[in-house]
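For reference, the structure discussed in these notes is given below.
The values are calculated or read from the model by the stated rules, or taken from the named source; none is laboratory data. If you're wondering where the values come from, they're calculated on a predicted model, not measured in any experiment. Ideal geometry is used to build each Cβ from the backbone, glycine not excepted, and the neighbour counts take in all protein chains shown.
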Amino acid sequence: MDALEQLVELRVRALGELANIDDVRKLEFWRICYLGKKSQLSVALRSLGELPLDDRKNVGAGTNRLRVELESSLEQKKQALHEAKLLSFIQNDDLDVSLPGYPFPVGRLHPVTQIIYEINDIFTSMGFQVVEGPEVEWDYYNFEALNIPKEHPARDSMATLWIDREKDSVQRQMLLRTHTSPMQIRFMERVKPPLRIVVPGKVYRYEATDATHISMFHQIEGLAVDRGINMADLKGTLYEFARRFFGENRKVRFRCDYFPFVEPGVEMAIDCAVCKGKGCRLCGSSGWIEILGAGMVHPEVLKRVDIDPEIYTGFAFGMGIERIPMLRYGISDIRLFYGSDLRFLRQF
Ligand code: YSA
C-alpha cells in the first residue's frame, strides 16, 4: 500500500471509530490515538522528508487535509456529546434550569469612603481641587508652621501619637498627623494664589473613645487663598456645602472659636439628627453637633510660605468626616464605622 492509500485507510478507520464514541473520556483516547504526537498522522507528517520528491507534495497536502478534517470532526463530536448530556439531564429531571444561581458576593465602598467622594464632588463643583498628603508628618508642618510652637497650650487639645520622639532632634520630630491642616502649609509652599483645595485623609489622636470620639478618624481640610477673600466667602461656601449635603431644612450654627492658625476663628455645628435638636447622648444634651473648625488664614501663616498678607487673604476649614454621615443618617455611635459589623456596613 502506498502512502496515499494508507491515508485513505487511516481516515476511514478514524472517522468510523469517532462515530461510535459516546462519552468524553473515550473521545480523549481517540484524540491521543489519531491526533497526538505519536499518532500515525504525526509520524507521517514528520517523515515526509524521507519520501521521493514527486510524492512529497501530494502526500504532504493529503496528510494536512486529513489532520484538519479530524480536528474539526473532533470539535463537532465534543459539542454533540455535551448537548446530548445536557438533554439527558433535562429529560431525567436531574437539572432544574429554573433554580436560582448561587449568590455572587459583591463588595462595596466603606460608608466613610462614600462620604469622602460625595464631599469631594460638592467642593470640586465649587472650583476646589482635591489633593492628598502624608499621614506621618513632621512637627514643623503639624504644629510649628501653624503658629503652634512648643509648649503652646493648643498642643494639649490634640493628644499626639509621636514616632521616635526621643531620638530625633527638636526640629525633626515625627508624629501621626493630628489634623489635615499641615497640608495647608505643604501646598502653599509649592503653589501660590489664587488657590482652592480640599484635602481628605486619616488623622490620629491619642484619645479615649466615646460615641463621638475615636483615635483614628478622617478629616477634610479646605483652603482658599486669593485677593479679597473674606469671612462672607467662608460662610457662603460652608452654608452651600451644608445645604447640598444635608438639605434645606437642617439648622447650621456658627460660633467663635480659637485656632492659632486663623484670625478670626469659628466652629460650625449642625442640629442633631437623632434628637432633632432636643438633646440626647449623641449631642451631649446640647442639640448640636460640631462638625468643623474654620477661620481666616492667619497673616503669619501666609508670611511663612512667602505669600504677602497685604495682597492676599484666605479662609480655611477642617471637618470631621465620620460625624457627617452620623448627622445625616442619625447614627448614634461613631465606633460603628470601624467595628467591622457587616450588618451595619451593608446598609450603605
Ligand atoms: C480649624 C481652622 C482651620 O482654618 C482649618 C482647620 C481647622 C480644624 C482643626 N485643624 C482641627 O482639627 N480642629 S478640631 O480639633 O476641632 O477637629 C475638627 C473636627 O474633627 C471636629 O469638629 C470634629 O468634627 C472632628 N473630630 C475631632 N476629634 C475627633 C473628631 N472626630 C472623631 N473623633 C475625634 N476624636
Subset of region 191-222 [in contact with a Lys or Arg (Cβ under 7 Å, 6 or more places away or on another chain) and closer than 12 Å to G318 by Cβ]: V203, H218
Could you list, in sequence order, all residues of region 52-89 that are β-branched (V, I, T) and surrounded by 12 or more Cβ atoms within 10 Å (Cβ to Cβ)? V59, T63
Please determine whether any residue of region 213-220 is free of Cβ contacts under 8 Å to residues at least 60 places away in the same chain and either surrounded by 14 or more Cβ atoms within 10 Å (Cβ to Cβ) or not charged (D, E, K, R) (or both). yes
Filtered residues of region 300-343 (kept if part of a loop (DSSP other than H, G, I, E, B), more than 34 Å from the chain's Cα centre (by Cα), under 21 Å from V199 (Cβ atoms) and not hydrophobic (A, V, I, L, M, F, W, C)): D306, Y312
Step by step: first the residues of region 96-138, then only those that are hydroxyl-bearing (S, T, Y) and farther than 28 Å from R335 by Cα, then the one that is modelled with the lowest pLDDT. Which residue is that? S98
Answer yes or no: is there a residue in region 301-318 that is aromatic (F, W, Y), farther than 20 Å from R186 by Cα and away from the ligand (no atom under 14 Å from the Cβ). no
Hey, any hits in region 263-271 for a residue that's away from the ligand (no atom under 12 Å from the Cβ) and under 33 Å from the mean Cα position of the chain (by Cα)? yes
What number of residues in region 247-262 are in a strand (DSSP E or B) and either touching a residue at least 40 places away in the same chain (Cβ under 8 Å) or more than 10 Å from the ligand (Cβ to nearest atom) (or both)? 6
Looking for something in contact (Cβ under 8 Å) with a residue 12 or more places away in the chain and at positive phi - is there at least one such residue anywhere in region 271-283? yes
Have a look at V198, V225 and point out the one that is among the aliphatic types (A, V, I, L, M), part of a strand (DSSP E or B), closer than 30 Å to M174 by Cα and over 27 Å from the mean Cα position of the chain (by Cα). V225
Being of a type in the set (S, T, N, Q) and surrounded by fewer than 19 Cβ atoms within 10 Å (Cβ to Cβ) is the filter here; which residues of region 112-152 pass it? T113, Q114, N120, T124, S125, Q129, N147
Quick check on my filter: what residues within region 319-348 are away from the ligand (no atom under 15 Å from the Cβ), in contact (Cβ under 8 Å) with a residue 60 or more places away in the chain and in contact with a helix residue (DSSP H, G or I) (Cβ under 6 Å, 6 or more places away or on another chain)? F348
Does M158 satisfy being away from the ligand (no atom under 16 Å from the Cβ), surrounded by 10 or more Cβ atoms within 10 Å (Cβ to Cβ), touching a residue at least 40 places away in the same chain (Cβ under 8 Å) and more than 21 Å from the chain's Cα centre (by Cα)? no
Has region 284-304 got any residue that is among the acidic types (D, E) and modelled with pLDDT under 95? yes
Select from region 206-225 the residues that are out of contact with any Asp or Glu (no Cβ under 9 Å at 6 or more places or on another chain) and over 16 Å from L292 (Cβ atoms) and write down the one among them that is nearest to the ligand (Cβ to nearest atom). E207
Looking at this structure, is E207 touching a Ser or Thr at 6+ places or on another chain (Cβ under 6 Å), of a type in the set (D, E), farther than 19 Å from M296 by Cβ and surrounded by fewer than 17 Cβ atoms within 10 Å (Cβ to Cβ)? yes
Please work out which one of (1) within 12 Å of the ligand (Cβ to nearest atom); (2) out of contact with any Pro (no Cβ under 9 Å at 6 or more places or on another chain) is the condition Y239 fails and give its number. (1)
Flagged in region 169-194 as among the aliphatic types (A, V, I, L, M) and either outside any strand (DSSP E or B) or in contact with a helix residue (DSSP H, G or I) (Cβ under 7 Å, 6 or more places away or on another chain) (or both), in numbering order, are V170, L175, M183, I185, M188, V191
